[in-house]
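Working notes, structure below.
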Amino acid sequence: MPRLSAGDLAPDFTLPTADGGAVTLSDLRGQHVVVYFYPAAMTPGCTTQACDFRDSLSSLAAAGYAVIGISPDSVDKLATFAAQDGLTFPLASDVDRSVLESWGAYGEKKLYGKTVTGVIRSTVVLDADGRVKLAQYNVKATGHVAKLRRDLKLA
């Protein structure tokens, strides 16, 4: 799938969330949104990344950014993940991978030197109008939030 680039209008979505509700991207218009895609809840890298977002959430919110994490995990698994690690931002379930695919965050990637198909760890930052401000694909779990904050000039 093609990846999103700066200036693109982000594809809208409505997905179920870990708290039993749902998140609709277009409902967040008027604020900046960080949408990040991760392969699997409760794995070491994904936990590190989620906890980094959790620990930066208040400063991101103070700068006008909302955070949404999306994975192909079930709502039940995401609920366990959120409770286990005190994650207070929406974790959305994309079990059919339709949002992952439309955002360019699912496809071929290198894993331990082999080409596999799966979730491409990615972060897309949207402006208040829902347009892509920054799109980063194949990001590293460790240190990514700090780098993102620097890229957004929030550090």
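Against the criterion of being outside any helix (DSSP H, G or I), modelled with pLDDT of 95 or more and among the charged types (D, E, K, R), residue 19 qualifies.
Scanning region 17-34 for residues that are surrounded by fewer than 17 Cβ atoms within 10 Å (Cβ to Cβ) and either farther than 21 Å from residue 57 by Cβ or in contact with a helix residue (DSSP H, G or I) (Cβ under 6 Å, 6 or more places away or on another chain) (or both) yields a single hit, 26. Within region 117-144, the set of residues being closer than 22 Å to residue 31 by Cα and over 12 Å from the mean Cα position of the chain (by Cα) comprises 127, 128, 129, 130, 131, 132, 133, 134. Checking each residue in region 51-80 for being among the aliphatic types (A, V, I, L, M), part of a helix (DSSP H, G or I) and without any contact (Cβ under 8 Å) to a residue 40 or more places away in the chain picks out 57, 61, 62. From the list 53, 37, 13, the one residue that fits, being surrounded by 14 or more Cβ atoms within 10 Å (Cβ to Cβ), touching a strand residue (DSSP E or B) at 6+ places or on another chain (Cβ under 8 Å), of a type in the set (Phe, Trp, Tyr) and over 21 Å from residue 107 (Cα atoms), is 53. If you go through region 56-78 and pick out every residue that is crowded, with 20+ Cβ neighbours inside 10 Å, more than 12 Å from the chain's Cα centre (by Cα) and aliphatic (A, V, I, L, M), you end up with 2. Output the residues belonging to region 81-125 that are on the phi < 0 side of the Ramachandran plot and part of a loop (DSSP other than H, G, I, E, B). If the condition is that a residue be on the phi < 0 side of the Ramachandran plot and part of a loop (DSSP other than H, G, I, E, B), then 87, 88, 89, 90, 94, 95, 96, 103, 105, 120, 121 are the ones that fit. Filter region 135-155 down to residues that are more than 24 Å from residue 41 (Cβ to Cβ) and of a type in the set (Lys, Arg) and give me whichever is surrounded by the most Cβ atoms within 10 Å (Cβ to Cβ). Checking each candidate, the answer is 150. Just so you know, in region 85-102 the residues that are touching a helix residue (DSSP H, G or I) at 6+ places or on another chain (Cβ under 9 Å) and among the small types (Gly, Ala, Ser) include one that is farthest from residue 68 (Cα to Cα), and it is 86.
Screening region 112-137 for residues that are closer than 27 Å to residue 76 by Cα and of a type in the set (A, V, I, L, M) and picking the one that is modelled with the lowest pLDDT gives 116. Filtering region 83-109 to residues that are among the aliphatic types (A, V, I, L, M) and surrounded by fewer than 20 Cβ atoms within 10 Å (Cβ to Cβ) leaves 83, 95. Within region 110-134, residues that are surrounded by fewer than 16 Cβ atoms within 10 Å (Cβ to Cβ) sit with their Cβ atoms under 9 Å from residues that are among the basic types (Lys, Arg) and outside any strand (DSSP E or B), at 6+ positions apart or across chains, in these pairs: 128/29; 129/29.
The values are calculated or read from the model by the stated rules, or taken from the named source; none is laboratory data. This structure is a prediction, so every number in the text was calculated from the model and none was measured. Cβ coordinates were reconstructed from backbone atoms using ideal geometry, including for glycine residues, and neighbour counts include every protein chain displayed.
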